[in-house]
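Since the structure comes first, as structure tokens, the remarks are kept for the end.
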Amino acid sequence: MKNQLHKILFSIVLGFVATLALAEDGYRLWLRYEPVSDASIASDYRKQIGSISSSQSSPTFNLALAELQNGLDGLLGSDRSKKGPSILLGTPAGNPEVAKLDLDLSALGDEGYLLTSVPQKRKHQIVIAANTDQGLLYGVFAFLRHLQTQQPLDGINVASSPKIDHRLLNHWDNLTRTVERTMAGASIWNWFDLPYYVEPYTHDYARACASIGINGTVLTNVNANATVLRPQFLEKVAALADTFRPYGIRVYLTARFSAPVEIDGLETADPLDPAVIKWWTDKIDEIYTYVPDFGGFVVKANSEGQPGPQAYGRDHADGANLLARALAPHGGFVMWRAFVYDFEVKEDRHKQAYTEFTNLDGKFEPNVSIQTKNGAIDFMPREPFHPLFGATPETPHTLELQITQEYLGGDVHLAYLAPMWKETLEADTYARGAGSTVAKVVDGSVFGHELTAIAGVSNVGNERNWTGHPMGAANWYAFGRLAWDHQLSSEQIADEWTRMTFGNEESVVSTTNQILLDSHQTVVDYSMPLGLHHIMYPGHHYGPGPWHDQGRPDWTSIYYHRASEDGIGFDRTASGTDALGQYAPEVVAKWGSPETIEDKYLLWFHHLDWDFKTKSGQTLWNEICLAYQKGVDAVGEMREQWASLEGQVDAQRHARVTALLKRQHEDAAFYRDACLAYFQTFSKRPIPAGVTPPEHDLEYYKNFELYHVPGHPGEQW
Ligand code: BDP
């Protein structure tokens, strides 16, 4: 009996230990440092990597050294051969051994790194070198990535430096810890306990950011709360800034334009009023006493009800310059958002930002950048690039991308966004002739701008795995990698992420990569085929709502799809609103005709008859129906592909993705059914063969309610 009990207890303990060993909750992200699985690669690595040789010390250097140690211990074991040559880690200024090598680091700047190997006796010594400790930290992460993805070490020679100087996450986090549009739990800033207690995961957040080159973080929602500028909050901000500093991450805040009125009872927030100028100057000086390397502000003004200079008859340049002049002596800068549109709907919303900001080009202080979303409407699953890129030769742009999937199924749907971001980055503005891509406008090379920045609206919350959907981390990763080097391909980034996240087993890598790379087009197919846009459910934006027709016109769906018995789509050519006229003539020539524009933008710019013949030879109506069906079927295929990895991917993450894909499949079918049931009331044409007809009548879909979707500002403000 006693024996029996022992056995049971033993197996319970064993089971528990086994579960612990297998538990893979996603917390470690892409920094897992699991043992190198390929035996011959591992043995090759062991021959070339011994101890670490270094002689420096600083908070950042110490992080780099600890990371390298920890990474190598995980990948190669702490008992790895001490006979292999040591790795040399250092800057020429800090380490005489590195200085002796006389490496050419001149092109690396302050953040770049060099991974190389130099002859040493009969062997080669690996060197991680940089001009700064920050460069070394980035170099260590790059070196460990090299090993995690099992790349050959022989003749390693990688020199890399970022193309864009300021690479930021934007957290749309409120001081109450709710988060606008992010579904992965509450805000990771534990405001109430700060500054006394800094959550350990705050360090891990900074480490993850640094591993992909992110060097700035905007802590607060663009729909700003002035309270963060009060001393009680500035000391909390300082605690976060102190935590992030060694990782090379600067802290930024959003500035509420009416703060002088709200905090200190000034009578006005007029940017030209001397008392207001003094208030902001004093406030900014005060911020720097808390955070000496404070990065600056992001400002959303005169947009969706946010206060701004226009209330006082001033313009965006007056507003931005007020803050920029006070930040300049401290080295800070302003990202003034171009996401502006009036409450009075005067013209196609697509046109407004261009009109306002091109008129102000040349009037901004040098430390102002216009923060511009990738497209002119609002983070739709696919948008043509914003016409403002390339249109302000005197003023730089911060490209704003949305990592959180506000319109792409939140943290429930799988959508790898690198292909979408690459479409924007590679789009040609023709601002200085062919090849003036958005990427080159943003990295400063088209107009010779010094101030360069890119921002991603974060999808991180306090969920254990950071992003909710296990695949959501691929987007955090991809944003950082593209911010560092916009020339990287979506394929390479997916491949790196998959190997580091799920291991190097070939079937796992190829299947996961395929799932990732097809996923964005799939979401587009079932939610906004052929350039249909802004037809989502109002408010929370999760799911379809093409019938939505209440409230201000440019928040409805009917304003955008313009479906009627004569056809569908938004005519933005010269015969319509002529938003297309805001692009370069080369772009107009291509997109101006339904015959030459790519199908993906067709209904974004053209209103067409239901029987219009598309490039595939189908009628427009049939093409729309087939696209929805294709999207639904593709989710079905993703499910099968993912199911094939059962047993090859750890059970915990496999199960979560499996469950979410099931929901995505049902949601995709719901999109198809709801949209086709609705649009069919106009097209009056049958659902073509091969497309599953809607199961219910239109009323069913219209009346379907999801209550309390997280990330919905309506429930937060
Ligand atoms: C929209 C979001 C809204 C944001 C706004 C913005 O629906 O919650 O406040 O963008 O970017 O996408 O300011």
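The values are calculated or read from the model by the stated rules, or taken from the named source; none is laboratory data. Bear in mind the structure is a predicted one, so any value in this text is a computation, not a measurement. Heads up, the Cβs are rebuilt from the backbone with ideal geometry, glycines too, and the neighbour counts pull from every protein chain shown. Calculation scope for accessible area: heavy atoms of the full protein, side chains included, ligands and nucleic acids excluded. Shrake-Rupley method; radii C 1.70, N 1.55, O 1.52, S 1.80 Å.
In the stretch 419-490, which GluC sites (Glu not before Pro) are in a loop and have at most 15 other Cβ atoms within 10 Å, using DSSP for the loop call? Answer by residue number: 426, 450.
Accessible area of residue 166 (1.4 Å probe, protein heavy atoms only, ligands and nucleic acids ignored): about 40 Å². If a/c stays under 1.5 just call it rounded; otherwise compare a/b with b/c (prolate if a/b is bigger, oblate if not). Do that for the stretch 339-446, with a ≥ b ≥ c from the square roots of the Cα gyration tensor eigenvalues. Because a/c hits 1.5 or more and a/b fails to exceed b/c, the stretch 339-446 counts as oblate.
Computed over the stretch 572-717, the range of Cα coordinates on each principal axis works out to 55, 41, 36 Å, biggest value leading.
What does the highest-first list of 572-584, 219-231, 623-635 look like by mean Cβ count within 10 Å?
Numbers: 572-584: 18.5, 219-231: 20.6, 623-635: 22.2.
Peptide ranking by packing, descending: 623-635, 219-231, 572-584.
Centre-to-centre separation between the Cα atoms of the stretch 22-94 and those of the stretch 325-398: 43 Å. When you restrict to C-alpha pairs under 8 Å that are six or more residues apart and normalise by the size of the stretch 469-552, the relative contact order lands at 15 percent. Heavy-atom accessible area with a 1.4 Å probe sorts 547, 621, largest first, into 547, 621.
Residue 182 sits among other residues whose Cβ lies under 9 Å from its own Cβ, and their net charge, with Lys and Arg +1 and Asp and Glu -1, is -3.
Using Cα centres only, tell me the gap between the stretch 260-321 and the stretch 562-611 in whole Å. Value for the Cα centre distance between the two parts: 40 Å.
The heavy atoms of residue 682 present about 50 square angstrom of accessible area, all protein chains included, probe 1.4 Å.
Given Cα pairs under 8 Å that are at least 6 residues apart, what percent is the relative contact order of the chain?
On the way: 1382 pairs, mean separation 83.9, N = 717.
Taking the mean separation of contacting Cα pairs over the length of the chain, I get 12 percent.
Semi-axis lengths, largest first, of the ellipsoid equivalent to the chain are 41, 34, 26 Å, with √(5λ) applied to each eigenvalue of the Cα gyration tensor.
The alpha-carbon positions of the stretch 230-380 define a convex hull whose volume is 127 Å³ per residue.
Helical runs (DSSP H, four residues minimum) scored at -39500 (n - 2.57) apiece and divided by the length of the chain put the mean residue ellipticity at 222 nm at -12500 deg cm²/dmol.
Counting other Cβ atoms within 10 Å, keep those with at most 12, restrict to DSSP loop, and tell me which GluC sites (Glu not before Pro) in the stretch 626-717 are left.
Working: sites: 637, 640, 646, 666, 695, 699, 705, 715; in loops: 695, 705.
In loop regions of the stretch 626-717 (DSSP not H, G, I, E or B), the sparsely surrounded GluC sites (Glu not before Pro) are 695, 705.
Measuring between alpha carbons in the structure, the pairs from 346/590; 236/283; 351/440; 163/351; 83/123 lying more than 19 angstrom apart are 346/590; 351/440; 163/351. Sorted largest first by accessible area at a 1.4 angstrom probe radius, with every protein chain in place, the residues 75, 451 fall in the order 451, 75.
Provide, as a two-decimal number, the C-alpha radius of gyration of the stretch 33-124 over 2.2 N^0.38 Å, N being how many residues it has. Intermediate results must be reported in sequence, preceding the final value.
Values: Rg = 14.1 Å, N = 92, 2.2 N^0.38 = 12.3 Å.
The reported ratio for this selection is 1.15.
Checking the a/c ratio against 1.5 first, then a/b against b/c, what shape does the Cα gyration tensor give for the stretch 54-100? Oblate, since a/c reaches 1.5 and b/c is not below a/b. The listed residues 670, 570, once ranked by accessible area (1.4 Å probe) with the largest placed first, stand as 670, 570. Of interest is the spacing of the C-alpha centroids, which for the stretch 638-717 and the stretch 142-161 amounts to 41 Å. Here's the list of lysines a cross-link from residue 300 could span, going by alpha-carbon distance under 17 Å and ignoring same-chain residues fewer than 8 apart: 373.
Accessible surface of residue 500, taken over heavy atoms with a 1.4 Å probe and every protein chain present, rounds to 10 Å². Sorting 429-435, 388-394 by their mean Cβ neighbour count within 10 Å, with the most densely packed peptide first, gives 388-394, 429-435.
Electrostatic bookkeeping for residue 497 treats Lys and Arg as +1 and Asp and Glu as -1; over the other residues with beta carbon under 12 Å from its beta carbon, the sum is +1.
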